[in-house]
Amino acid sequence: GGEPLKNAPVENCRNIAFSLLTGANDRGFYRNKLTQRTKDEFDKLEKANPGNFIHRIELIPGMGHGIDYKLTTPWLKQYTRNPYPKHVSWENFEMDSLYRDGFYNIYVNERSNKDFNSRTYYEMNIKNNDIDLKVSEVEYEITEKDPNWDIDMAFVRHYKPAKSGKITLYLNNQLVDLSQKVNVRVNGKRVYSGKPKLTLRNMANSCAAYFDPWRIYPAAIEIEIK
């Protein structure tokens, strides 16, 4: 069933195939209503970014909480993970007071948001050897709460450029040409220009950071956000 989008920002599902099935009569915790809102948001982002937000979200007519989930797996089998996307969006939010340390090739050494009242949003675009990174602090303004469970049903988000924080951008030849100079801009300001060093240390650190055999990177650029 659907979740409030504050708990599962759709932007984080960029570059994956996402499936969500809910019974149209599944009104518990507003699952059907929240599923429809999730579908609307996925539809909007996929229209603006074709191929980036592939999804199958359906309300199954006449069904409650019990539905046939076997419909999901055959659909998902059509898709293969891309561990090296050149367009990444990530809203790093806390869950039970815990944060993720990394997402794709981004690793967070120090968050830009200082407390749970805001979040940090990263958007990365790579074209050839130019990397544009947008880092923002995000605050939620709740515009609708349900009267029974105090669930945040709807909201608007307010963004402002981050003024602090530290990250590491891990790189390989699938993302850029490491034999050539790499340029990095953060919020429009150039923060790096040069040929990154390729080291075993970077490979070991990225292995320890991600525990993913597809994401062992020979290059790393440390960035301080100001």
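List of remarks:
- Filter result (open to solvent by less than 80 Å² (accessible area, probe 1.4 Å) and more than 17 Å from ASN187 (Cα to Cα)) within region 87-109: ASN92, PHE93, GLU94, SER97, TYR99, GLY102, PHE103, TYR104, ASN105, TYR107
- Within region 46-70, if we keep just the residues that are open to solvent by 50 Å² or more (accessible area, probe 1.4 Å) and of a type in the set (A, V, I, L, M), the residue that is nearest to the chain's Cα centre (by Cα) turns out to be ILE54.
- The combined condition, being more than 20 Å from PRO85 (Cα to Cα) and loosely packed, with under 14 Cβ neighbours inside 10 Å, is fulfilled by LYS163.
- Against the test of being surrounded by 14 or more Cβ atoms within 10 Å (Cβ to Cβ) and under 23 Å from ALA8 (Cβ atoms), the options THR120, THR168 yield a single qualifying residue, THR120.
- Cross-chain or 6+ apart pairs with Cβ under 8 Å, region 186-199 first and over 14 Å from ASN129 (Cα atoms), then open to solvent by less than 60 Å² (accessible area, probe 1.4 Å) and outside any strand (DSSP E or B): VAL186/ILE225; ASN187/ALA162; ASN187/ILE225; LEU198/LEU178; LEU198/PRO218; THR199/PRO218
- Matching residues, region 199-226, being assigned to a loop (DSSP other than H, G, I, E, B), open to solvent by 50 Å² or more (accessible area, probe 1.4 Å) and within 30 Å of PRO161 (Cβ to Cβ): LYS226
- Only one of ASN82, ASN125 that is within 24 Å of ALA17 (Cβ to Cβ), touching a residue at least 40 places away in the same chain (Cβ under 8 Å) and not small (Gly, Ala, Ser): ASN82
- Scanning region 37-96 for residues being closer than 17 Å to GLU3 by Cα, modelled with pLDDT of 95 or more and of a type in the set (Phe, Trp, Tyr) gives a total of 1.
- Residue in region 177-198 that is open to solvent by 20 Å² or more (accessible area, probe 1.4 Å), polar (S, T, N, Q) and out of contact with any strand residue (DSSP E or B) (no Cβ under 8 Å at 6 or more places or on another chain) present: yes
- Within region 185-220, if we keep just the residues that are within 20 Å of the chain's Cα centre (by Cα) and of a type in the set (Val, Ile, Thr), the residue that is nearest to TYR107 (Cα to Cα) turns out to be ILE216.
The values are calculated or read from the model by the stated rules, or taken from the named source; none is laboratory data. Just so it is clear, the model here is predicted, and its values are computed rather than measured. Neighbour counts are summed over all protein chains in view; Cβ atoms, including those assigned to glycine, are modelled from backbone coordinates with ideal geometry. With ligands, DNA and RNA removed, areas are computed over all heavy atoms of the protein, side chains included. Shrake-Rupley method; radii C 1.70, N 1.55, O 1.52, S 1.80 Å.
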